[in-house]
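Undergrad: Mind having a look at this structure? Questions to follow.
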Amino acid sequence: MKPEILVMAASPSSAVMAQLDQHFDCHHVWQIPQDERAAFIAGVAPTVRAVATTGQIGIDAALAAQLPKLEIVAVNGIGVDAVDFAALRPRGIAVTNTPGVLTDDVADLAVTLLMSTARRIPALDAYVRAGQWQAKVPLQPSRTLRGKVAGIYGFGRIGQAVAQRLAAFGMDVRYWQPNVKAGVTVPRAASLLALARDSDYLVVCAPGGDATRGQVSADVIEALGAQGTLVNVARGTVVDEAALISALAAGRLGAAGLDVFEAEPVVPAALTALPNVVLTPHVGSLTEETRHAMGQLVVDNLLAHFAGQPLLTPVD
Ligand code: 8YV
């Protein structure tokens, strides 16, 4: 008999979905209308041995409590802030995620957002489409990246990949995170506040969760300042979104490029109304290749678990 698993979301990779169906008895929650999901899960819960979930959905204590036979949670993402470890650890339930395979695409998006805000790409696109070029509507120059300071908050794989890219654009790169990163040449600021104060661009690459909640506070945003730009490809919870919106609206912060938000998929109207922001819908890892690689890691971790083999990418 194949192990029964709950699949919370579909992968865009049909090969990944085919492997899940081949190796496991899948209960595809994502196929069920929202208002019928609770009943669907309750119906299959007693025999479910694994949950395949995403970085955003994770697994909460209530769902874990419903699954008496749960052995493993495989997260299709690097962020595990939506996983309730306190509910899983005492039961010895394993957790895996997908580090490494999404680093480059997420870093690429961070740089794309930084450049789109710096060079005001959405506004210029609208300008051309609206015929303002022919109408000779005057354009203001934007500012060069060369010599500007990019501060990176969170210097794990993604932060370092962003640093590498921005250095290639002639930017002066620094970072801050609570612990010193061994073996890197990029200087570490004294604090997040100091990093923001000394940066033209602050790029958030820190993990979500309680330790980082609201760390990009009103003070940090003010320190970045009227000429500063905030880029966030990590988690919306790391930034005080209300403070961000009021600073952008009042001109106390120059601009923002955001892929993540506090209460996704809800994006406050006060944010979408602002001209000095570039917004994307949490798509850092959303390329065919990366989503396939992430999904493959989910499959391979589940296969390893049920074969009694070591997990490929366990979360400690
Ligand atoms: C995904 C993410 O959007 O890796 C993460 O933590 O947030 C993203 O890569 C998500 O997990 C979808 O599967």
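Undergrad: Grab the strands (runs of 3 or more DSSP E) fully contained in the stretch 199-316, keeping just those with 1 or more residues being polar (S, T, N, Q).
TA: Those strands (runs of 3 or more DSSP E) span 229-232.
Undergrad: I need every pair where a residue in the stretch 122-139 that is closer than 19 Å to Ala273 by Cα has its Cβ under 8 Å from the Cβ of a residue that is among the hydroxyl-bearing types (Ser, Thr, Tyr), sequence separation at least 6 or different chains.
TA: Partner pairs satisfying both residue conditions: Pro122/Ser116.
Undergrad: Another one. For the stretch 106-116, indicate whether the set of residues that are out of contact with any Lys or Arg (no Cβ under 6 Å at 6 or more places or on another chain) and more than 20 Å from Val260 (Cα to Cα) is non-empty.
TA: no
Undergrad: Moving to a separate point now. Could you go through the stretch 141-157 and let me know if any residue there is in contact (Cβ under 8 Å) with a residue 60 or more places away in the chain, among the small types (Gly, Ala, Ser), surrounded by 17 or more Cβ atoms within 10 Å (Cβ to Cβ) and under 25 Å from Asp316 (Cβ atoms).
TA: Within the stretch 141-157, one or more residues are in contact (Cβ under 8 Å) with a residue 60 or more places away in the chain, among the small types (Gly, Ala, Ser), surrounded by 17 or more Cβ atoms within 10 Å (Cβ to Cβ) and under 25 Å from Asp316 (Cβ atoms).
Undergrad: Specify which of the listed residues (Val180, Val203, Val184) is crowded, with 22+ Cβ neighbours inside 10 Å and β-branched (Val, Ile, Thr).
TA: Residue meeting the stated conditions: Val203.
Undergrad: A follow-up question, please. Please determine whether any residue of the stretch 5-12 is over 20 Å from Val260 (Cα atoms), among the hydroxyl-bearing types (Ser, Thr, Tyr) and not in a strand (DSSP E or B).
TA: Checked the stretch 5-12: no residue is over 20 Å from Val260 (Cα atoms), among the hydroxyl-bearing types (Ser, Thr, Tyr) and not in a strand (DSSP E or B).
Undergrad: Six or more apart or on different chains, Cβ atoms under 9 Å: show the pairs whose first residue is in the stretch 3-27 and within 17 Å of Ala42 (Cβ to Cβ) and within 16 Å of the ligand (Cβ to nearest atom) and whose second is outside any strand (DSSP E or B) and among the small types (Gly, Ala, Ser).
TA: Partner pairs satisfying both residue conditions: Leu6/Ala45; Met8/Gly58.
Undergrad: Can you pull out the residues in the stretch 114-140 that are among the β-branched types (Val, Ile, Thr) and either crowded, with 17+ Cβ neighbours inside 10 Å or at pLDDT below 95 (or both)?
TA: Thr117
Undergrad: On the given criteria, is Ala86 in contact with an Asp or Glu (Cβ under 9 Å, 6 or more places away or on another chain) and either among the hydrophobic types (A, V, I, L, M, F, W, C) or crowded, with 24+ Cβ neighbours inside 10 Å (or both)?
TA: no
Undergrad: Does Thr313 meet the test of being polar (S, T, N, Q) and either within 23 Å of Met115 (Cα to Cα) or modelled with pLDDT under 95 (or both)?
TA: The answer is no for Thr313.
Undergrad: For the stretch 254-295, how many residues are touching a residue at least 24 places away in the same chain (Cβ under 8 Å), under 16 Å from the mean Cα position of the chain (by Cα) and surrounded by fewer than 16 Cβ atoms within 10 Å (Cβ to Cβ)?
TA: Total meeting the criteria: 3.
Undergrad: Now for a different question. Does the stretch 299-311 include one or more residues that are within 15 Å of the ligand (Cβ to nearest atom) and of a type in the set (Val, Ile, Thr)?
TA: yes
Undergrad: Continuing with the same structure: Taking only the stretch 5-46 into account, find how many residues are polar (S, T, N, Q) and more than 26 Å from the chain's Cα centre (by Cα).
TA: Number satisfying all stated conditions: 1.
Undergrad: I would also like to ask the following. If you go through the stretch 138-152 one residue at a time, do you hit one that is in a loop (DSSP other than H, G, I, E, B), closer than 22 Å to Gln215 by Cα and of a type outside the set (A, V, I, L, M)?
TA: No: zero hits.
Undergrad: Which of the following residues is among the polar types (S, T, N, Q), at pLDDT 95 or above, over 20 Å from the mean Cα position of the chain (by Cα) and over 23 Å from Ser116 (Cβ atoms): Ser199, Ser246, Ser191?
TA: Ser191
Undergrad: Kindly indicate which of Ala243, Ala223, Ala218 is out of contact with any strand residue (DSSP E or B) (no Cβ under 7 Å at 6 or more places or on another chain), surrounded by fewer than 24 Cβ atoms within 10 Å (Cβ to Cβ) and within 15 Å of Val277 (Cβ to Cβ).
TA: Ala243
The values are calculated or read from the model by the stated rules, or taken from the named source; none is laboratory data. The shown structure was predicted, so the numbers you read here are calculated from the model rather than taken from an experiment. Reconstructed Cβ throughout: ideal geometry from the backbone, glycine too, with neighbour counts over all protein chains shown.
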